[in-house]
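A quick write-up on the structure given underneath.
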């Protein structure tokens, strides 16, 4: 009888624990909190690289040189292609957005829309020529041309054995004068991560 | 304890464990699939596999399920969906590096079918090759490049995955797969599409280096004595500015399957007899392979060995499926033609990577089986002494059957990876073209596929073909 009661109690305990344990839990956290889950490139990497690179590019002499040669006007910058040559799928559009945000907030350069955005804006302006009132329709051929384009590449080197890997990311960016093709700034940021995975679990 | 009580307990225990012994690899989901594949009715096969999700796959075989569906959607031309499934498979393989202790413990008692299937090394590697092909078909060269780089990372990891310390053992071990000519070929095409000629040239050299440095892996399935080599002159690096390149990758046959090699152990008074055979259900009966291969009959004298015990252990082996075609030709616009060269023997890679892994698995299986058989003999002898002839005989039968029934080989393997890859290219004028890919066996045409493409100047179009036919 005692043995039987013991077995029943154990079964009930297992059922109780199973019911009490939630399979999923959600916790709200700050958007800029650093959280690394898989070891892959994430939003923290994108944000940190963008902040540091833009801080570097906006403190270099090319801005003063440009302003001295152009009656003090701010240089106009556009972000071009950031190529992914790493061994991970990286959302380069997120990284580009981070760069654009940092550039605008730095206040030392002017910033114009990207190629895709310009295409949409031009279509809107064309439409306005036919459909909007003369007073409100925006003029064609009045775009601000960019002076400089920011281009770059993200690459990685992975060294891995069973259960452990070291991933080294390098982000290289260049600022190029669109008219003269002159490279006025080159920046590089490196990130290294060690990812360990346990061989066994309960 | 009385004889009746002991008899009841023996029958109950054997029945209970025989239920557990349903830890075998079921492959019912592949019934009739070859005929549908040959008819190129991929959606019918997809429906069949999806219907088997709960029954023949189950949660512990999700990698197997995702790989099968991923490959089928690729052949069906739904590249986005193929990538979804292949990515699920890839992520699950990575997660399953961490083994559950409880499942590992169960596999020490029963067999490896209790463990979650984490994919074979070649499946893990070629998942990224096919993801690269998917991205190329979707026009995303950059993502395709990422997948090819993942192949190289995985191959680097494979070098240290099964270390062999003893030099003599290392020399005799199966060849190590270090570099994929097919992955370098795809990488070369990606760099050419991006006009990065220097990088493309590096990959071109690596294709040849892969074949020359891994001759045991680069052999023709149709003729294993013949090494695969590349005519480097047939692959110019740059694309002429006023012309275009049609590059063809053609997959031939299906990848290998796993079969069970049965090791039969019989006891005769004072002797232990060991023989082996491959369980070939397709032939209708088990094929006896006595003394023909490297598993000859063995008779070991063991004093006091009780007679009348029969046990069977199953060990998994890879078996190649020889493709039906041995030549592939490409004709563009009915005029210009080339014969494709074999660029990768995927089956041979599967066999070699499996052979490197399997030694420790075999040791574990034989240790586990030995422990079960020793326990079975001990239990039977004890039952014989306690309960007499009938109880002893029943116990001997029950424990032998039980031990053999639980020693089933893990035969899980995705079905739809191809066996071989061929490649080749022609330089054409920009514009619209008809590309016909024909598979031959000797001089007989066995399959033909035609595709229409439009290609601009100074660019490259990658055309893919697949014929799954295998020799029966």
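The values are calculated or read from the model by the stated rules, or taken from the named source; none is laboratory data. As the structure is a computational prediction, the values presented were derived from the model and not from experiment. Cβ: placed from backbone, ideal geometry, glycine included. Neighbour counts: every protein chain shown.
Here are the numbers:
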item	result
Restricting the stretch B:111-131 to residues that are in a helix (DSSP H, G or I) and within 12 Å of another protein chain (Cβ to nearest Cβ), the residue that is nearest to residue B:408 (Cα to Cα)	B:121
Test: residue in the stretch B:83-101 that is at pLDDT below 95, away from chain A (no Cβ under 12 Å) and within 30 Å of residue B:399 (Cβ to Cβ)	no
Breaking point among (1) in a strand (DSSP E or B); (2) buried (at least 17 other Cβ atoms within 10 Å of the Cβ); (3) at pLDDT 95 or above, for residue B:434	(2)
Matching residues, the stretch A:112-142, being more than 29 Å from residue A:178 (Cα to Cα) and not in a helix (DSSP H, G or I)	A:132, A:133, A:134, A:135, A:136, A:137
The lone exception for residue B:365 - which of (1) at negative phi; (2) at pLDDT 85 or above it fails	(2)
For residue A:87: the one exception among (1) under 15 Å from the mean Cα position of the chain (by Cα); (2) within 14 Å of chain B (Cβ to nearest Cβ)	(1)
Unique match (being at pLDDT 80 or above, surrounded by 14 or more Cβ atoms within 10 Å (Cβ to Cβ) and within 28 Å of residue B:468 (Cβ to Cβ)) among B:259, B:278	B:259
Residues located in the stretch A:178-202, provided they are surrounded by 15 or more Cβ atoms within 10 Å (Cβ to Cβ), assigned to a strand (DSSP E or B) and out of contact with any helix residue (DSSP H, G or I) (no Cβ under 9 Å at 6 or more places or on another chain)	A:195
Unique match (being surrounded by 15 or more Cβ atoms within 10 Å (Cβ to Cβ), within 30 Å of residue B:446 (Cα to Cα) and either free of Cβ contacts under 8 Å to residues at least 12 places away in the same chain or in the same structural domain as residue B:217 (by TED's automatic domain parsing) (or both)) among B:356, B:335, B:327	B:327
Residue list for the stretch B:146-162, filter: out of contact with any strand residue (DSSP E or B) (no Cβ under 7 Å at 6 or more places or on another chain) and at the interface with another protein chain (Cβ under 8 Å from one of its Cβ atoms)	B:149, B:150, B:152, B:161
Out of B:355, B:376, B:423, sole residue that is in contact with a strand residue (DSSP E or B) (Cβ under 8 Å, 6 or more places away or on another chain), under 28 Å from residue B:30 (Cα atoms) and not in a loop (DSSP other than H, G, I, E, B)	B:355
Residue check, residue A:87 in contact with a strand residue (DSSP E or B) (Cβ under 8 Å, 6 or more places away or on another chain), buried (at least 17 other Cβ atoms within 10 Å of the Cβ) and closer than 30 Å to residue B:147 by Cα	yes
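One line per residue, one yes/no per condition, for (1) touching a strand residue (DSSP E or B) at 6+ places or on another chain (Cβ under 7 Å); (2) away from chain B (no Cβ under 14 Å); (3) over 25 Å from residue B:140 (Cβ atoms):
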site: A:69; (1), (2), (3): no, yes, yes
site: A:74; (1), (2), (3): yes, yes, yes
site: A:100; (1), (2), (3): yes, yes, no
site: A:121; (1), (2), (3): no, yes, yes
site: A:138; (1), (2), (3): no, yes, yes
site: A:173; (1), (2), (3): yes, yes, no
